[in-house]
Structure formats: C-alpha cells, structure tokens
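Only one structure is covered here, and it is reproduced in the block below.
The values are calculated or read from the model by the stated rules, or taken from the named source; none is laboratory data. Given the structure is predicted, the values throughout are model-derived calculations rather than measurements. Methodologically, a virtual Cβ is constructed for each residue, glycine included, from the backbone with ideal geometry; neighbour enumeration extends over all protein chains shown. Heavy atoms of the whole protein, side chains included, go into the accessibility calculation; ligands, DNA and RNA do not. Shrake-Rupley method; radii C 1.70, N 1.55, O 1.52, S 1.80 Å.
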Amino acid sequence: MNNNPSLDEYAELEELPYDELQNIEVNLLLEGLYQWYGFDFRHYVRSSLRRRILNRIKAERLPTITALLEKVLHEPGTLERLLNDMSIRVTEMFRDPSFFKAFRQQVVPELKQYPEIRIWHAGCATGEEAYSMAILMQEEGLADRTKIYATDMNEKAIEAAQKGAFPLKQMQAFTKNYLDSGGIKAFSEYYTTDHQYAYFQPLMKDNMMFAQHNLVTDGSFNEFHVILCRNVMIYFDNELQQQIHSLFHNSLMSGGFLGLGKKESIIFVPDGVYYEEFVPNDRIYRKR
C-alpha cells in the first residue's frame, strides 16, 4: 500500500491559503516556545500575536515564521527579542484618571480599616501604574502600612520598573492624568530630572516589590486586599481569561477589590458571581 501523497494531493498543499499556512506556523512557534522554554502564549489573542511575530520576522530579516522558530530554538538572543515584542508594555501614570479618582474616593476609605494593605499590580509592564498607586497611598496617609507588589512576565520591563526613571517628555501627560485623578500636590514634587529622564523618589520604593511573574504559568504567592490587572486580559482568549480570574479570586481576601481595564469585565466569568460591582463604570469589583 502506497502511503505517499499523490501529485494531486501535493498540488492541494501548494494551494493552501497563505493566511492558513501562517496560522499553522504560528501554532508551531507557540508550541515550540512552550515546550522548550516554558513560555505559554498559546491562548493569547492571535491577531495581536501575529502582528508582533511578523514585526519580529521583518526585524530579523527572515522569510517565514518557521525560520523564526528555528532561530528562536537555537539562538537564545532571538528568544529575548521575541519575548520583548510579545509582552504587553502599553501603560502610563494614572492611566484612565477616573479609575484612580474612584479608587481614591471609594476604595481607600474601605482600606483604611486594615492595619496592613497588600496591593498586587499584575502585568505591571514598566511600573507606571504601580508608582501611581504608591503616590496615591502616600497622599492618603497609608504608605507606611501598604505593600505594593508589581509583577510582569518580562524581565526587562521589571528591571525598568525598579529604576523608576521615565522619559521626561511624558511628564506633561502624566501630570494631567495625576491632576484629573484627584492629585493634591504639585506632581513635580515626586521626582527629580535631568535632561532626559524623571526619577521618582527612592523613598517611594520602600513599600514596593518588583518581581518576575507569569500569569499564565505561575500561581498565587500571597493574599491581597487589592489586585489590579488593567488592560492585560484583552490580549487573552476566553479560556485563559477564566484561568487567570480563578487565580485572582483565590488570591483575593474576602472583601478584597479587583480592578480591571475599561474593556474588561467579569460578567461572563464563572467566578464573577462571587463579586459585586463596587464602581461599575470604572471596573472596580469587590469579592463577596
């Protein structure tokens, strides 16, 4: 019995649509990343991943995704560059000022009853929102009893967050966000500058801990009063979103608060029934 493909079958393979062939290559790349390195992107939204992968192919001057897979498996430096492309690093200080204003006005009064407060910024990127929270808690007189845990899967992003140095050209936009969020001081009091960067006060880092943590593969590491994961899960498919919501639910204390991004919700998540909408418009939920 001849098990080799016929000429007609080879012709069908050659006519495979380019997009479909690319999807097969993407699947192989993601499986290779997981099997060999343990980085699991298999449940990320494909449209976003595909753009990032194609940009890396262009930067590496490679003809195909398969060629990128070969280079990633045999050249660790390529892996690092690809991981930087695939991690989510879109952030800014006091992003969505109404969220921070609602947090200040409605969540902080609830937190003041606790002798210590643990806040987890999951997927913190380069740390802008974690520093925003540190400023907010300092202004509310809670800095001494607050510990902020800022985590991200990207090692380089965490290294940048630890430095607390942000491009000076961004300070005008950050200052506007701060004021719109209910800030009570001159924002410039929190940093010093040189000709290129703004450096946030070293004292601010006393209650902050930065660490590498992968939401997809790593488990819970503490019990928190607040978990913030904003504009991260929009890049995940439904299955992965449910997995991470279970992680958050198990990591939140009873009565703890969960903050999501504007386009994110817990409505269709099984664990969603264990939350109440605390500030619906700003996606702040409270664990029942």
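Each label point was placed 7 Å from the Cα along the Cα-to-Cβ direction; for residue 188 and residue 276 their separation is 4.4 nm. Applying the Karplus relation 6.51 cos²θ - 1.76 cosθ + 1.60 with θ = phi - 60° to segment 136-144 yields 3J(HN,Hα) values of 4, 5, 5, 5, 8, x, 10, 4, 5 Hz, where x marks Gly and Pro. Normalised Debye scattering of segment 113-175 at q = 0.26 Å⁻¹ gives log10 I(q)/I(0) of -1.12, counting only Cα atoms as equal scatterers and leaving out solvent.
Among the GluC sites (Glu not before Pro) within segment 207-288, those in coil by DSSP and having at most 15 neighbouring Cβ atoms inside 10 Å are 223. At a probe radius of 1.4 angstrom, the accessible area of the chain per residue rounds to 51 square angstrom.
The shape of segment 24-173 comes out prolate: with a ≥ b ≥ c from the C-alpha gyration tensor, a/c is at least 1.5 and a/b beats b/c. Volume of the convex hull of the chain (Cα atoms only), normalised per residue: 165 Å³.
Roughly speaking, what % of Cα-Cα pairs in segment 176-255 are separated by over 22 Å, rounded to a whole number? When all Cα pairs of segment 176-255 are counted, 50 percent exceed 22 Å. Measuring max minus min along each principal axis, the C-alpha atoms of segment 49-105 give extents of 52, 19, 13 Å (largest first). Computed over protein heavy atoms with a 1.4 Å probe, the carbon and sulfur contribution to the accessible area of the chain reaches 50%.
The length gained by stretching the chain between residue 169 and residue 106 to full extension, at 0.36 nm per residue less their Cα-Cα distance, is 19.5 nm. Charging the Cβ of each Asp and Glu at -1 and of each Lys and Arg at +1, and nothing else, the dipole of the chain about its Cα centre rounds to 1220 debye.
What is the sum of charges around residue 223, taking Lys and Arg as +1, Asp and Glu as -1, for the other residues whose C-beta is under 14 Å from the C-beta of residue 223? Summing Lys and Arg as +1 and Asp and Glu as -1 gives +2. Taken over the C-alpha atoms, segment 242-288 has Rg and Dmax values of 9.5, 25 angstrom. Here the Karplus relation 6.51 cos²θ - 1.76 cosθ + 1.60, evaluated at θ = phi - 60°, turns the backbone of segment 177-191 into coupling constants of 4, 4, 5, 5, 8, x, x, 10, 10, 6, 4, 5, 5, 8, 8 Hz, with x for every Gly and Pro. Amide H contacts of residue 197: 168, each under 5 Å away and 5 or more positions distant or on a separate chain (H built 1.01 Å from N in the peptide plane; Pro and chain starts excluded). Of the GluC sites (Glu not before Pro) in segment 75-163, the ones in a loop by DSSP (not H, G, I, E or B) with at most 15 other beta carbons within 10 Å are 116. Loop only per DSSP, at most 11 neighbouring Cβ atoms within 10 Å: give me the trypsin sites (Lys or Arg not before Pro) in segment 12-94, ordered by residue number. Within segment 12-94, the qualifying trypsin sites (Lys or Arg not before Pro) (loop, at most 11 other Cβ atoms within 10 Å) are 61. Only DSSP H runs of four or more residues enter the estimate; each adds -39500 (n - 2.57), and after division by the residues of the chain the mean residue ellipticity at 222 nm equals -12000 deg cm²/dmol. Scanning residues 5 or more positions from residue 228 or on other chains, those with amide H under 5 Å from its amide H are 120, 121, 122, 259, with H placed 1.01 Å from N in the peptide plane. Within the chain, the longest run free of exposed loop sites, counting chymotrypsin sites (Phe, Trp or Tyr not before Pro) that sit outside DSSP helix and strand states (H, G, I, E, B) and have at most 15 other Cβ atoms within 10 Å, spans 1-220.
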